[in-house]
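Report on the structure given below.
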Amino acid sequence: MPAATGAPGCAQSARPAAQPEGTATAPTRTVSPRTRVLGFGTYDARAHPRVAVLLEGLRGNGLTVRELDRPLGLATAQRVAILQQPWRLPVLAGRLAARWSALALGSRRFRGAHAPDVLLVGYMGHFDVLLARALFPRTTIVLDHLVFASGTARDRGEAGTRVRLLKVLDTLATRTADVVVVDTREHAARLEPGARARAVVVPVGAPRQWHDSGQRELENQLARERDRDHAAGPGSPPAAAPARALSVVFYGMFTPLQGTPTIARALRILADRADNVRATLIGTGQDRCECERVLRGVDTVEWHDWVEPARLPDLVARHDVCLGIMGTTSKALDVVPNKVYQGIAAGCAVVTSDTPPQRRALGQAAVLVPPGSAEALAQALETLASSPQALEQARCRAAAAAQTFTPVRVVRPLAHMLPVPGGTRRREAS
């Protein structure tokens, strides 16, 4: 993969970014290419690419990776809704029973000489990790604990007994696993002490598809520049690109964490001032109606309820700016969202909230603005819209960091703490 993506002028100026914040609390080892990892659970890598990053990164670090996956067919919002509404639990129980039966049957193929050294239980595996332990009691189990069920419920307005029950579920899941994977130091600090001692921080990163889309768009931009220069004729100065509005994209589930009302208010401010910013907003969810109300009558915003995951990277790469999050909830202050890493990989300038984990992970790779401040976000976008130089510099800084967030790079802390083939279960060895 080429080393530079982003604006065409970045090709020579991109430089390595700081190391990602991956940390492990246990001693590391040299990776054995014979270590066999089995991706296990009811995850959907198309809808939630985090597990795809982990598995791709482990392969890239020389481990043998196979999968035993039976997608549950429920989005994150649906799972949270079921956990919040006990009368809907039979839906979850029915689906889990069917998928778990298939997983139990499929696990027979991974016995004896074909047994894995490690099971990686994918995103939203709070229940799957229990089945994994029952089926593979002597195998090291890694839980991708990207989401705290209790924290997600609180972020969406829940409180009281339901949150306490979900906290019990979080604790049970992390106690069952031998290694707990989280995405930021802040999330690691929220684990109970026993699980914290077995935690490793692995940034979310971006799948290779996003890097490929960014590279293709860069090549398309360079081709357009060559065509303009050719049309101008020999000896003519390089033709300037035609003036156009700044293109901005946001995609997500419109949850409080994402702060989409703040994004909507910023776009409203910009629309009232000028017409030099055009935005594409993708997704539906809790705060979508409020955003539509704020942006009523604004014709510089294009709405999409859904974009197929396979099409999303190319669509994002065609924009100048990818927006991260602007939320002010406690959860929003603890995460670095996947769309930030994906936007960087796609070659966009990234604008997101200035929080400790994002500042630490991204540094100069993103334009950081105060969480919840529509005026600050509008000002940042106005600067990028009115100054081609500022936009190119922002995209170049993002391009310099893109290779830091590839699957191979972000997964190294995890790869180096997994057991060697034939070794003992991770917790037994500690």
Check the stretch 304-312 and report whether any residue there is buried (at least 17 other Cβ atoms within 10 Å of the Cβ) and either outside any loop (DSSP other than H, G, I, E, B) or not assigned by TED's automatic domain parsing to the domain that holds LEU381 (or both). yes
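Which residues, counting only those in the stretch 348-377, are part of a helix (DSSP H, G or I) and buried (at least 24 other Cβ atoms within 10 Å of the Cβ)?
Restricting attention to the stretch 348-377, the residues satisfying the condition of being part of a helix (DSSP H, G or I) are 356-365, 374-377.
Scanning the stretch 348-377 gives GLN358, ALA361, LEU362, ALA365, LEU377.
Has the stretch 305-325 got any residue that is of a type in the set (D, E, K, R) and touching an Asp or Glu at 6+ places or on another chain (Cβ under 8 Å)? Steps first, please.
Here is the first cut: in the stretch 305-325, the residues of a type in the set (D, E, K, R) are 305, 308, 311, 314, 318, 320.
Those still in the list that are touching an Asp or Glu at 6+ places or on another chain (Cβ under 8 Å) too: 314, 318.
Scanning the stretch 305-325, I find at least one residue that is of a type in the set (D, E, K, R) and touching an Asp or Glu at 6+ places or on another chain (Cβ under 8 Å), so the answer is yes.
Would you be able to say whether some residue in the stretch 414-425 is free of Cβ contacts under 8 Å to residues at least 12 places away in the same chain, of a type outside the set (A, V, I, L, M, F, W, C), surrounded by fewer than 19 Cβ atoms within 10 Å (Cβ to Cβ) and outside any loop (DSSP other than H, G, I, E, B)?
So in the stretch 414-425, the residues free of Cβ contacts under 8 Å to residues at least 12 places away in the same chain come out as 424.
Okay, now just the ones that are also of a type outside the set (A, V, I, L, M, F, W, C), so 424.
With surrounded by fewer than 19 Cβ atoms within 10 Å (Cβ to Cβ) added as a condition, the list becomes 424.
Cutting the leftovers down to outside any loop (DSSP other than H, G, I, E, B) gives us none.
Scanning the stretch 414-425, I find no residue that is free of Cβ contacts under 8 Å to residues at least 12 places away in the same chain, of a type outside the set (A, V, I, L, M, F, W, C), surrounded by fewer than 19 Cβ atoms within 10 Å (Cβ to Cβ) and outside any loop (DSSP other than H, G, I, E, B), so the answer is no.
Taking the stated definitions as given, is ALA345 outside the structural domain of ARG46 (by TED's automatic domain parsing), more than 20 Å from ALA245 (Cβ to Cβ), surrounded by 17 or more Cβ atoms within 10 Å (Cβ to Cβ) and touching a helix residue (DSSP H, G or I) at 6+ places or on another chain (Cβ under 6 Å)? Talk me through it step by step, then tell me what you get.
Values: outside the structural domain of ARG46 (by TED's automatic domain parsing): yes; more than 20 Å from ALA245 (Cβ to Cβ): yes; surrounded by 17 or more Cβ atoms within 10 Å (Cβ to Cβ): yes; touching a helix residue (DSSP H, G or I) at 6+ places or on another chain (Cβ under 6 Å): yes.
Judged against the criteria, ALA345 is a match.
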What tally of residues in the stretch 53-94 results from selecting those that are among the polar types (S, T, N, Q) and modelled with pLDDT under 90? 4
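Go through GLU382, GLU392 for me and flag whichever is assigned to a helix (DSSP H, G or I), touching a helix residue (DSSP H, G or I) at 6+ places or on another chain (Cβ under 7 Å), in contact (Cβ under 8 Å) with a residue 60 or more places away in the chain and within 20 Å of ARG268 (Cα to Cα). Quick ask: steps written out before the conclusion?
Values: GLU392 fails: within 20 Å of ARG268 (Cα to Cα).
Result: GLU382 is the single residue among GLU382, GLU392 that is assigned to a helix (DSSP H, G or I), touching a helix residue (DSSP H, G or I) at 6+ places or on another chain (Cβ under 7 Å), in contact (Cβ under 8 Å) with a residue 60 or more places away in the chain and within 20 Å of ARG268 (Cα to Cα).
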For GLY205, are the conditions met, namely being modelled with pLDDT of 90 or more, crowded, with 20+ Cβ neighbours inside 10 Å, touching a helix residue (DSSP H, G or I) at 6+ places or on another chain (Cβ under 8 Å) and under 22 Å from LEU333 (Cβ atoms)? yes
Residue selected from the stretch 110-148 under the condition more than 17 Å from the chain's Cα centre (by Cα) and of a type in the set (Gly, Ala, Ser), by the criterion nearest to ALA197 (Cα to Cα): ALA132
For the stretch 255-298, give me the residue count where each residue is over 27 Å from the mean Cα position of the chain (by Cα) and surrounded by 23 or more Cβ atoms within 10 Å (Cβ to Cβ). 1
Hits in the stretch 260-283 (condition: over 22 Å from ASP320 (Cβ atoms) and at pLDDT below 95): none
Are any residues in the stretch 313-338 among the aliphatic types (A, V, I, L, M), assigned to a helix (DSSP H, G or I) and in contact with a Lys or Arg (Cβ under 8 Å, 6 or more places away or on another chain), and if so, which ones? ALA317
So the check is Cβ under 8 Å with 6+ separation or different chains; which pairs have a first residue in the stretch 184-198 that's within 15 Å of VAL168 (Cα to Cα) and a second one that's in a loop (DSSP other than H, G, I, E, B) and among the charged types (D, E, K, R)? ARG190/ASP334
Quick check on the stretch 147-169: of everything there that is modelled with pLDDT of 80 or more and either of a type in the set (Lys, Arg) or crowded, with 22+ Cβ neighbours inside 10 Å (or both), which residue is nearest to LEU119 (Cα to Cα)? VAL147
Taking THR35 as meeting all but one of (1) out of contact with any Pro (no Cβ under 7 Å at 6 or more places or on another chain); (2) within 15 Å of THR140 (Cα to Cα); (3) at pLDDT below 95, write down the number of the exception. (1)
Residue that is surrounded by the most Cβ atoms within 10 Å (Cβ to Cβ), among those in the stretch 176-190 that are modelled with pLDDT of 95 or more and not in a helix (DSSP H, G or I): ASP183
Here the residues within the stretch 158-169 that are part of a helix (DSSP H, G or I) and farther than 18 Å from THR255 by Cβ are THR161, ARG164, LEU165, LYS167, VAL168, LEU169
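The values are calculated or read from the model by the stated rules, or taken from the named source; none is laboratory data. This structure is a prediction, so every number in the text was calculated from the model and none was measured. Neighbour counts are summed over all protein chains in view; Cβ atoms, including those assigned to glycine, are modelled from backbone coordinates with ideal geometry.
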